[in-house]
Amino acid sequence: MIRFFNTLSGTIEEFKPIKEGEVRLYTCGPTVYDYPHIGNYRAYIFEDLLKRFLLFYGFKVIHVMNITDVDDKTIRGANSLGISLNEYTKKYIEAFFEDIKTLRLLPADYYPRATEHIPDMVRMIKGLLEKGFAYIKDGSVYFSIAKFPAYGRLAKINVEELKAGARVEADEYEKESVHDFALWKKAKEGEPFWETELGAGRPGWHIECSAMSTRYLGPTFDIHCGGIDNIFPHHENEIAQSEAYYGQKFVNYWLHCHHLIVDGEKMSKSKGNFYTLRDLLTRNLDPIDIRYFLLSTHYRKMLNFTFEGLEQSKASRQRILDFVYELEHRKFSPGSDQEVEPLVQKAMADFKNSLADDLNISAALAALFELIREINLRLAKDSLKQDDARKVLEAVYQMDRVLAILPEKEEETLPPEILRKIELRQKARKEKNFALADAIRQELRQLGIILEDTKEGVRWKRIK
Ligand code: AMP
Ligand code: ZN
């Protein structure tokens, strides 16, 4: 059983996807007005852990991450340089895709861009006007939060004292100023705009995510994530817009990660207390150590950024790397010892169950380190056997499907004529033509390729 803390209910709940075996996941993506800082990557790495765990658990995951390429900040940036919005955001979109590769974040299935989904937003805004949830004022369209009684449920705010009709245009604002918010902003001098049925203008930030998430995942989907700063107003507004428009529940589980902080304050562009991934890489830090640092604290805890913290993460990860190296390179005597298999099974079960418990990464890593400790005792005595070494290694690589912190193995591919020979041999074996199968095996051996038949199929190795 998987359990997650759902911000909506404020409790830990059993996770049940809408469709068995499949999870529909939306994660708020970057606003591409600058290089992301590593606080942003804390959020994306938490989401990557969640996704990798769901895949590891056996779910199919359909993941959408938007790119906010039009909002107050991107417009300000483009205008300050006197270039078009597209020219301005292109550089940061490219940087983002480079960074996520560097940090080994699994790619999403869709990366919709706001500027490419204006018609979806217009359709929703028109619907909200028709249904009476929105109104027009001075050419802009606003969502009337008084019309949506559930407003404030996610952020746990009381909107009773709300001043009727007070409005806010800005994309970001504090909880203290609960206001009707802009869905569509009338074109302003010097700002990009789209000619639409709503008149010339541009969308507000919140409607972008409502339109793009439901476009790809349907009106109701399983999980929506972000950092806690997204809870209000962004996610609160997404719920209001989507549920008012579709008349059904928007998202079943809301998962939010806590902030990466520096000296007690949220790492953010506006405070100037940030490092981009690029800043850190120029200091010769390994990006996967940074990944490990951001990954290894539970997502609902605040994480304090320090260089000592990064050093500690590097040392912990190194212990895992050294262990794997030892298992891969040492010569072991054949056979197995009956004590080891249960240790491996326990470690795997603890690892999986810990993550199933609201992504308890500390306990999951503890399971891995406990296995390392036990096996290191045997390595010190030189008592580990070959089959056990293989089993332990396989378990660690299984765990790494979730962690993604081991060195990536270069996938070597064989020339097509050799692959063809392997296929012919498989065919011969199937047809019980063992003489031919053996002859092909010998021929490949001469070419420096050894074949091993395993339960999972045929494996090959190069003779070194
Ligand atoms: P933005 O590009 O500002 O929309 O932020 C992208 C994502 O990063 C959102 O999910 C934010 O909640 C998250 N985020 C921003 N700053 C931090 C931080 N210091 N720690 C953790 N997550 C953050
Ligand atoms: Zn969003």
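Highlighted here are the helices (runs of 4 or more DSSP H) found entirely within segment 371-447 that include at least 2 residues which are farther than 30 Å from Leu49 by Cβ and without any contact (Cβ under 8 Å) to a residue 24 or more places away in the chain: 416-430, 434-446. Does Gly204 fit the bill of being within 16 Å of ligand 1 (Cβ to nearest atom) and at positive phi? The answer is no for Gly204. Glu452 meets the conditions (1) part of a helix (DSSP H, G or I); (2) under 37 Å from the mean Cα position of the chain (by Cα) in every case but one. The failed one is (1). Among the numbered conditions (1) in a loop (DSSP other than H, G, I, E, B); (2) not assigned by TED's automatic domain parsing to the domain that holds Phe181, the only one that Arg319 does not meet is (1).
Annotation: Phe96 fulfils all but one of (1) without any contact (Cβ under 8 Å) to a residue 24 or more places away in the chain; (2) closer than 30 Å to Phe4 by Cα; the unmet one is (1).
The rows are residues; the columns are (1) within 12 Å of ligand 1 (Cβ to nearest atom); (2) surrounded by fewer than 21 Cβ atoms within 10 Å (Cβ to Cβ); (3) polar (S, T, N, Q); (4) closer than 30 Å to Lys131 by Cβ.
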position: Ala240; (1), (2), (3), (4): no, no, no, yes
position: Gln248; (1), (2), (3), (4): no, yes, yes, yes
position: His256; (1), (2), (3), (4): yes, no, no, yes
position: Gly272; (1), (2), (3), (4): no, yes, no, no
position: His298; (1), (2), (3), (4): no, yes, no, no
position: Gly309; (1), (2), (3), (4): no, yes, no, no
position: Leu321; (1), (2), (3), (4): no, yes, no, no
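Condition first: within 16 Å of ligand 2 (Cβ to nearest atom) and out of contact with any Gly (no Cβ under 9 Å at 6 or more places or on another chain). Now tell me which residues in segment 33-49 satisfy that. Across segment 33-49, the qualifying residue is only Pro36. Taking the criterion of being hydrophobic (A, V, I, L, M, F, W, C) and within 22 Å of Ile157 (Cα to Cα), the residues of segment 8-27 that qualify are Leu8, Ile12. Among the residues of segment 177-201, the ones that are assigned to a strand (DSSP E or B) and either buried (at least 24 other Cβ atoms within 10 Å of the Cβ) or touching a Gly at 6+ places or on another chain (Cβ under 8 Å) (or both) come to 10 in all. Where residues in segment 222-249 are in a helix (DSSP H, G or I) and away from ligand 2 (no atom under 13 Å from the Cβ), which of them is nearest to Met121 (Cα to Cα)? Restricting to residues being in a helix (DSSP H, G or I) and away from ligand 2 (no atom under 13 Å from the Cβ), the top hit is Tyr245. Residues that are in contact (Cβ under 8 Å) with a residue 60 or more places away in the chain, closer than 19 Å to Arg378 by Cα and assigned to a helix (DSSP H, G or I) are absent from segment 357-365 altogether.
The values are calculated or read from the model by the stated rules, or taken from the named source; none is laboratory data. The model shown is predicted, which means the values in this text are computed figures rather than measured ones. FYI the Cβ positions are ideal-geometry reconstructions off the backbone, even for glycines, and counts take in every protein chain you see.
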